[in-house]
Amino acid sequence: MAKLFSLSEASSIAIHAMVLVAKSEGMINVNTIAETTKTSRHHVAKVMQRLAKDGLISSGRGPSGGFILKKTADQISFLNIYEAIEGKAEIAYCLFQSPVCPLDHCIMNNITAKISKEFLDYLESQTLNLYI
């Protein structure tokens, strides 16, 4: 079945993992995140490294290590998390990614731009503190 909308697995892991980190009273490790999200430990580890590199979380090594937020939960939006994984988000104006439509007007009535903007606005409005 075709999906009209989906996030990459990495983005989905990142958003879910960040909610788990925000909810955690202390450090939370890769194994706990992978078990809770039912995803690959290795994929979670890669995602968490990218989030740490982007300055959203701090990591600690060792048996009592794991991850904690580097900012407060209300300062981190889903858009921050999404862009840490996927890169800077842009509004999609054309299904062909063309600056000039080959037809007289957009046959999709610019729905891609409307949906993209609404999705980005939603991601920006959702902060981690809404889920803890």
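The values are calculated or read from the model by the stated rules, or taken from the named source; none is laboratory data. From a predicted model like this one, the values you see are computed outputs, not experimental measurements. Note: ideal-geometry Cβ built from the backbone for every residue, glycine included; neighbour counts use all protein chains shown.
List of remarks:
- Qualifying helices (runs of 4 or more DSSP H) (wholly inside segment 29-132; at least 3 residues being more than 15 Å from SER11 (Cβ to Cβ)): 30-37, 41-53, 111-125
- Yes/no for ILE57 being modelled with pLDDT of 95 or more and within 16 Å of the chain's Cα centre (by Cα): yes
- Residue match in segment 61-73 (condition: exposed (fewer than 12 other Cβ atoms within 10 Å of the Cβ), under 19 Å from GLN126 (Cβ atoms), out of contact with any Lys or Arg (no Cβ under 8 Å at 6 or more places or on another chain) and in contact (Cβ under 8 Å) with a residue 24 or more places away in the chain): yes
- So SER116, is it modelled with pLDDT of 95 or more, hydroxyl-bearing (Ser, Thr, Tyr) and on the phi < 0 side of the Ramachandran plot: no
- The residues in segment 12-27 that are of a type in the set (A, V, I, L, M, F, W, C), free of Cβ contacts under 8 Å to residues at least 40 places away in the same chain and surrounded by fewer than 21 Cβ atoms within 10 Å (Cβ to Cβ) can be counted, and the count is 1.
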